[in-house]
Each structure stands twice: as C-alpha cells, then as structure tokens.
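The values are calculated or read from the model by the stated rules, or taken from the named source; none is laboratory data. Treat the numbers as computed from the prediction; the structure is a model and nothing was measured. Glycine gets a Cβ as well: all are built from the backbone with ideal geometry, and neighbour counts include every protein chain shown. SASA here: full protein model, heavy atoms, side chains in, ligands and nucleic acids out. Shrake-Rupley method; radii C 1.70, N 1.55, O 1.52, S 1.80 Å.
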Amino acid sequence: MKQTFSLLLILFSSLVYSQKELVSTDIDKFCYKFKIENDKIVGNGYEILNNKISESQFILLGEQHFASEISLFTNSLIPLLSKNNFKYFVAEIGPNSAKKLVSEIQNKGQLFDFNTKYNDLTGEIPIPFFDGKEDEQFLKTALKNNFQILGIDQEYQTAQFFLFDEILELSKNRKNILPAYENASKFMLAEFKEYWKDSKHKIFEKYINSKEINTFFELTDKKNVAVQKIISDLKISWNIYLQNEKGLYQNGWLQRIQNMKTNFSKNYKSATKKDDLPKMFVKMGAVHLSNGMNNFGYYDLGNMIKELSHFNQTKSTSIKCMPRFYMEDNEIKDDLTEENPINIVLEKGNMEEWILIDNDELLNYCYTEKIKINSELRKELERFDFILIPPLVNPMKINFKK
C-alpha cells in the first residue's frame, strides 16, 4: 500500500513539475491585429470582432477612462453593431445625464457650450466621460445609427446644477418655484465651493438635509413624472456619495452596483417590449464588466449580464481595454514593469496597432497543453473574453473652454 502511494506521489509530482510555463510565443497564436483607417477597422482582428458581434446579444467594452483611442475605437465599432441589430448603448452616466446629452446633440449639434457653461460654474465637467471631442464624435455616430442612449449609473457630483435647471425648465409652475430654485441653487454652489477648498467638507450630507433644497423639491409638481424622476435619481446619487463621506466605502460600492443593476434591468425590461432579445452595447469602466467577481471582490454589472445571457441562451462577449503606451506631458509612458504579473500579455502591445487577444482560446489551450499560468494573469484572463491593447493612447481633446 505504501509502495503504491509512493509511486502515485512520484507520478503526480513529475506531472506538476513537468508543466510547461506560459511563454510569449504561446500567446501569439491567439493575437489578432488591426488598425483604424478612415473610421473603419481593418486587419485580421476585424473578422474576430465582426463574428463575435454577430453571435452575441451583449457586447461589453470595459474601457480605460479618458483614453482618446478607445473613443475612436467605439466610433468605428458602432456601425458594425448597428449592422447586427444592436439598438441600445449603455453608458456609465446617470439616466437624466444621458437624456441631456442626447437633447444637446439633437437641438444644438454639439456639447461644447453645455460643457463650458457648467465647467465655468463649478470648475468641473457636468457629465463624466463625455467631455472630449472624441466622445462627442462617437455619441453622434451612435445617434446617427439610431441607438438609444441609456445611462444607468448615479448622477455625477456636479450634475445637480444642470438638473436643477432642467427641473425649472420642465415645470409648468415655473414662476411659483423660481424663488425656491434660486435659493437652492445658491446654497448648492456655496457648498460646492467649500468642498473644492476642503475635500473633507460633508457636501452631500448638507445637500440631503438642506432646507433650501428640500423646500424647492416640495414645491415641484408631484404629478410631473419627468421632474420627480430627476429628484428621485438625485436623492439616490447623493446617498451613494454620502456613504463615501462617512467612510463606508463598501456600502457606497454596493449601493452603486445595485443602482446600476436596477437601472439596467428596468431599461432591459422596457426594451423587451419592442424586441424579444434586445441587443445591447455596454461601455463602462472595466471594473464594472467582469465575468464573475471583479478585482475589488464584487459581483458587478458584467456578471449579471453574463448570467442574463445564460438565462436567454444567448451570448455575452466582454472586452477589456488594457493600454500599454500613453502620451503624457509630451512624453511616452510604458505600463510594462518588471513586477507586473500580466507582463507576458501586455508586452504584445505596440504603438502602431491594436492587439486583440482571445482569452477563452488561450485558456483552453493552456488547459489542454498543461501550460502553467500565474494566478494573477489567470484571473485577468477569466474576467473577460478578450483583452484589447490599443496603440499609443493620447489624451482627449477637451470639448469645453477653460
């Protein structure tokens, strides 16, 4: 018995130690290159993207925020999505912010004036991730291709300034509520300026308990659905921010995730009234779109969408953007470092081409060939179906007057 056990132990040990380590050439088999020329994707990566889009109900783009190239990629991807009957663009912004962006483009043809007005007022952009010229470009392309723009996140910390203006504009009893609106707006701006001076200033606690703000809310027409939706969403957003003010960061994360899931579900349910299996493109920060648990230990929106695709017996394809080279202060920065556990993947990036890596095929290959992968890299590969490494990433061209 002891002899048999010893032989099995030796055999197991030899198998473990004979495992081949993952090397760079293994990954090459699953890399697909492309370029963007005249707003079109060209190269062998095009076929992979097009095939995945055609067979998927959900395409999830886990982006790196404020990266110009990713917005340009989004702009080129939208026509492919449209040809495959995608009709919904889900963004990491508030529901009312999404409506405002669409309204500005439809009525004024640009976001420059809107961004400038509220940046002048507060010193900060009114809606995150749509302050660059490249962002305006893909938004226009999406609307041109008849996408419905859906915001599912909290309203941003400066959104209340233009949303209070929206409440006034939407109210039939404008004259009656104007004094209360002015008092509330003056109070908000004063508190926001204090917050800029001292980041520890409890601005959202002040907003929630403000007599001026609550008086304004009480005077609004309770039967005005659009107005009450803005007020409700602002209160939800302020309560999420309030958790961070209190140092309850986990509560803030969980509330924010739940809010995104709730808003996504409402929009999805609404979309099923028109389409049995509505096709949706989701563009958000990569942390929110992981398969399974994200790198902060939460089951975020991406996991819910993956489960929804399983329920629907359809497919959800997730892509994580992982830039390597950045242009910063007129100097090229390289994210490749010796201690980075995902070096072997990131080193595939170059400054001229896009690199698309098929994570599922790479993992299957490693399993079949008994190739060893370090645990951190394995987690990264398992969280997304593809990794997308852009060429040199440039800063956004700002779309407002400083």
For the table LYS261/LYS402; LYS83/LYS273; LYS140/LYS348; LYS133/LYS274; LYS29/LYS52, the rows whose alpha-carbon distance is greater than 24 Å are LYS261/LYS402; LYS140/LYS348; LYS133/LYS274
Links exceeding 31 Å between C-alpha atoms in this model, out of LYS223/LYS283; LYS197/LYS306; LYS333/LYS401; LYS172/LYS279, come to LYS223/LYS283; LYS197/LYS306; LYS172/LYS279
Let me test this: with uniform point scatterers at the alpha carbons of the range 47-95, what is the Debye-based log₁₀ I(q)/I(0) at q = 0.14, 0.19, 0.25 1/Å? -0.37, -0.69, -1.10
Antiparallel versus total DSSP beta bridges in the chain: what percent is that, nearest 5? 40
Show log10 I(q)/I(0) for the range 222-341 at q = 0.09, 0.14, 0.21 Å⁻¹, two decimals, from a solvent-free Debye sum over equal Cα scatterers. -0.39, -0.85, -1.21
Taking N as the number of residues in the range 212-276, the ratio of its alpha carbon radius of gyration to 2.2 N^0.38 Å works out to 1.41
Heavy-atom accessible area with a 1.4 angstrom probe orders ILE127, ILE342, most exposed first, as ILE342, ILE127
Quick one: P(r) of the chain from all Cα-Cα pairs, 10 Å bins, percents rounded to integers, in order of increasing distance. 4, 20, 28, 24, 13, 6, 3, 1, 0, 0
Under the definition of Cα pairs under 8 Å and six or more residues apart, what whole-number percent is the relative contact order of the chain? 27
Heavy-atom accessible area order for ARG324, ARG256, largest first, 1.4 Å probe: ARG256, ARG324
Suppose accessible area is computed on protein heavy atoms with a 1.4 Å probe; arrange GLU205, GLU155, GLU191 from highest to lowest. GLU205, GLU191, GLU155
Virtual paramagnetic centre 7 Å along Cα→Cβ of LYS117, amide N under 17 Å, in the range 374-402: 399-402
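Of LYS193/LYS229; LYS100/LYS266; LYS246/LYS269, which ones are farther than 30 Å apart at the Cα?
In this structure, LYS246/LYS269 exceed 30 Å between Cα atoms.
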Stokes-Einstein at 37 °C, 0.692 mPa s, Kirkwood radius from Cα pairs: D for the range 53-133 in µm² s⁻¹? 229
Taking 0.36 nm per intervening residue step and subtracting the Cα-Cα distance, what contour gain separates LYS29 from GLU245 on full extension? 73.0 nm
Considering just Cα atoms, how many Å³ per residue does the convex hull of the range 260-322 enclose? 83
From the Cα gyration tensor of the range 151-272, with a ≥ b ≥ c the square roots of its eigenvalues, which class applies: rounded if a/c is under 1.5, or else prolate if a/b is larger than b/c, or else oblate? oblate
Multiplying the sequence separation of LYS140 and LYS333 by 0.36 nm and subtracting their Cα-Cα distance, what value in nm do you get? 66.4 nm
Cα extents of the range 354-402 along the principal axes, largest first, in whole Å, come to 56, 19, 15
Using the scaling law 2.2 N^0.38 Å as the reference, what is the normalised Cα Rg of the range 311-379? 1.39
Extension reserve of the HIS201-LYS315 stretch, reckoned as 0.36 nm per residue once the Cα distance is removed: 36.5 nm
In the neighbourhood of LYS29 defined by beta carbon distances under 10 Å, the net charge of the other residues (Lys, Arg +1; Asp, Glu -1) is -4
Cα lying deepest toward the dipole's positive end in the range 64-146, options PHE86, LEU111, ASN75, charges on Cβ: PHE86
